[in-house]
Amino acid sequence: MSAPSLFPQHIIARKRDGHRLTRAEVDAFVRGAVDQSWADYQLSALLMAIFLRGMTPEETADLTDAMMRSGTVADLRDIPGIKVDKHSTGGVGDKVSLLLAPLVAACGVPVPMISGRGLGHSGGTLDKLESIPGFRTDLSLARYHDLVRDLGCALIGQTRDLAPADRVLYSLRDVTATVECIPLICSSILSKKLAEGIDALVLDVKFGRGAFMKTRDDARRLAEALVRVGRAGGKQVRALLTAMDVPLGRAVGNAVEVAEAVAGLRGQGPADLMEVTFRLGEHMLVLGGVASDLTAARRKLEAAIADGSALARFRAIVAAQGGDPRTIDDPGRLPQARLQQSVPAPRSGVVVDVDAMEVALAALRLGAGRARASDSVDRAVGISGLVQPGERVQSGDALCLVHANDEAALRDAQERLLAAITLGEAAPAPQPLVADVLVA
Ligand code: URA
């Protein structure tokens with residue numbers, strides 16, 4: 001039998017007709033994306049065929065592997081220890097990485113973390129970190145390696161040569177209505193994470209109004225695929241399904257989220273933020289081989305907060321990456337917005353709901369996020385002191401503090417925030433933050 005043709009139109013036709021792509025066909029597609037031997041319309045046509053026809057777990061694993069190998073794969077094998085990272089599918093007020101990476105590193109597990117920027121309603125770790133004066137995230141993979149070796153942690157941005165196929169394919173998906181497709185999401189996330197040189201990965205797959213996946217069932221399907229494909233890539237992977245209907249913590253923005261993360265490292269963080277951080281951290285310590293079970297891991301994490309070692313590690317990382325470490329002890333050194341005004345409660349009552357998506361849109365209006373990838377971000381603006389469901393307020397109390405650099409944006413954000421917060425008579429039943437845990 002002659003070998004199947006690797007012409008783009010033949011590969012597209014095979015997927016269009018519902019066939020399983022061979023590894024050679026997947027490789028041809030990924031190569032074509034990177035060396036531009038496939039036209040954008042051919043890449044887009046195959047993306048749509050995949051969107052409509054799906055991919056088997058094996059095809060998804062092949063696509064992930066090919067995308068990971070489309071660029072440099074970091075090699076951290078000479079660094080002792082099991083290297084474990086965390087990835088979140090994105091939410092509102094999700095500053096967990098800022099606490100978790102130094103915390104887990106302080107407990108003895110190396111954390112190589114390559115993060116992204118915010119887009120749409122969800123914030124990005126890099127934007128938050130870059131609100132620390134001087135902090136550099138555009139480090140080379142060689143420097144990344146040395147930071148993980150010397151400090152047990154690096155917090156950098158995606159370099160150009162890391163999974164370049166994803167950059168090409170994601171930008172096409174964004175404009176061809178092919179983002180919401182589990183095999184494509186899975187290969188996009190995991191190709192970047194597996195190229196970091198990790199041994200294990202803990203995923204925070206969020207569901208709800210403020211998440212990429214709106215329902216728990218969809219989040220579960222994505223989590224199952226991520227765990228399966230990560231496992232096929234030879235990594236230990238666990239996924240936590242976490243609720244994202246209300247913002248995580250009380251701050252949404254960039255500098256304001258750094259300040260809240262630092263408070264968390266001091267043991268003064270909001271309970272919901274600390275709970276998600278600890279639950280993810282427990283699995284990272286177990287996978288990293290420094291705790292025999294989740295209970296022992298929790299004790300270690302709490303001790304690293306209590307004895308100041310997690311905060312000290314964050315200070316050391318900030319200094320090593322060019323940031324001003326004095327910011328850690330004096331958050332007043334973070335960028336400050338010109339205008340700071342509260343949203344007063346229109347009446348007394350109990351906070352029944354805080355709509356994460358509406359809060360995110362208020363933050364976006366202030367300039368804290370990007371509507372498009374090319375937009376710039378104002379790191380000083382955002383929302384702090386946000387009330388949480390179950391809290392009682394008196395008429396005129398602050399529901400939150402808005403940090404703005406523009407009067408019109410301030411007024412719009414105040415209006416949105418007022419509409420986002422529902423006051424009632426009785427506290428809502430508390431929802432579990434972690435709905436499920438999937439272990440490979
Ligand atoms: N995040 C990614 O990195 N890729 C996707 O496809 C979706 C979310």
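Compared with the dominant principal axis of the Cα atoms in the chain, helix 407-420 is inclined by about 90°. Say R0 is 30 Å: what FRET efficiency, to the nearest 0.05, do ASP150 and ARG69 get from their beta-carbon distance? After rounding, the FRET efficiency stands at 0.60.
With an 8 Å Cα cut-off and a minimum separation of 6 or more residues, compute the relative contact order for the chain in percent.
19 percent
Pairing the Cα long axis of helix 164-175 with the longest principal axis of the chain, what angle in degrees results, from 0 to 90 and rounded to the nearest 10? That works out to roughly 70 degrees. Label region 4-54 by shape, choosing from rounded, prolate and oblate, from the square roots a ≥ b ≥ c of the eigenvalues of the Cα gyration tensor; if a/c is under 1.5 it is rounded, and otherwise prolate applies when a/b is larger than b/c, oblate when it is not. Oblate, since a/c reaches 1.5 and b/c is not below a/b.
Does region 231-352 come out rounded, prolate or oblate by the C-alpha gyration tensor, with a ≥ b ≥ c the root eigenvalues, rounded set by a/c under 1.5 and, if not, prolate when a/b is larger than b/c and oblate if not? Please list the in-between numbers first.
Values: a/c = 2.05, a/b = 1.35, b/c = 1.52.
Note, shape of region 231-352 comes out oblate.
In a reduced charge model with +1 at each Lys and Arg Cβ and -1 at each Asp and Glu Cβ, region 4-54 shows a dipole moment near 240 debye about its Cα centre.
Take the alpha-carbon centre of region 59-114, take the same for region 399-426, and report the distance between them in whole Å. When both Cα centres are located, 35 Å separates them. Counting beta carbons within 10 Å around each of ASP35, ASP146, ASP94, ASP245 and listing the fewest first gives the order ASP35, ASP146, ASP245, ASP94. In order along region 397-405, phi translates into HN-Hα couplings of 4, 6, 7, 5, 10, 9, 10, 9, 10 Hz, rounded to whole numbers, per the Karplus curve 6.51 cos²θ - 1.76 cosθ + 1.60 with θ = phi - 60° and x for Gly and Pro.
Spacing of the modelled spin labels on ASP436 and ARG392, each 7 Å from Cα toward Cβ, amounts to 3.8 nm.
How long is the gain from ASP138 to ARG20 if the chain were fully straight, where each residue apart is worth 0.36 nm and the alpha carbon distance is subtracted? Numbers along the way, then the final one.
Working: separation 118, 0.36 × 118 = 42.48 nm, distance 3.86 nm.
Value of the extension gain: 38.6 nm.
Given a Förster distance of 35 Å, report the FRET efficiency between ASP330 and THR295 from their Cβ-Cβ distance, rounded to the nearest 0.05. The partial results should precede the final answer.
Numbers: r = 36 Å, r/R0 = 1.03.
Here the calculated transfer efficiency is 0.45.
For the chain, a crude dipole built from +1 on the beta carbon of Lys and Arg and -1 on the beta carbon of Asp and Glu, taken about the Cα centre, is about 500 debye to the nearest 20. In the chain, the sites counted are trypsin sites (Lys or Arg not before Pro) in DSSP loop states with at most 10 other Cβ atoms within 10 Å, and the longest stretch holding none of them, exclusive of the sites, is 161-346. Shape summary of the chain, radius of gyration then Dmax from alpha carbon positions: 21.9, 79 Å. For the chain, the antiparallel share of DSSP beta bridges with both residues in that region comes to about 55%. Looking at this model, which pairs from LYS128/LYS214; LYS86/LYS214; LYS95/LYS128; LYS192/LYS300; LYS83/LYS192 are more than 18 angstrom apart at the alpha-carbon? Check vs 18 Å cut-off fails for LYS128/LYS214; LYS86/LYS214; LYS192/LYS300.
Taking only DSSP H segments of four or more residues, each worth -39500 (n - 2.57), what value at 222 nm results for the chain once the sum is divided by all its residues, to the nearest 500 deg cm²/dmol? Let's see the in-between values first.
Values: 17 runs with 199 residues, N = 440.
Theoretical 222 nm ellipticity from helices: -14000 deg cm²/dmol.
What the Cα atoms of region 335-424 give is an Rg and a Dmax of 13.0, 42 Å.
Most exposed first by the Cβ proxy, i.e. fewest other Cβ within 10 Å, how do TYR170, TYR41, TYR144 rank? The partial results should precede the final answer.
On the way: TYR170 18, TYR41 12, TYR144 22.
The fewest-first ordering by Cβ neighbours comes to TYR41, TYR170, TYR144.
Quick note: the coordinates plus some simple rules give every number you see, no bench work behind them. Everything quoted here is computed from the prediction, not taken from an experiment. Here the Cβ is made from the backbone with ideal geometry for all residues, glycine too, and neighbour counts use every protein chain on show.
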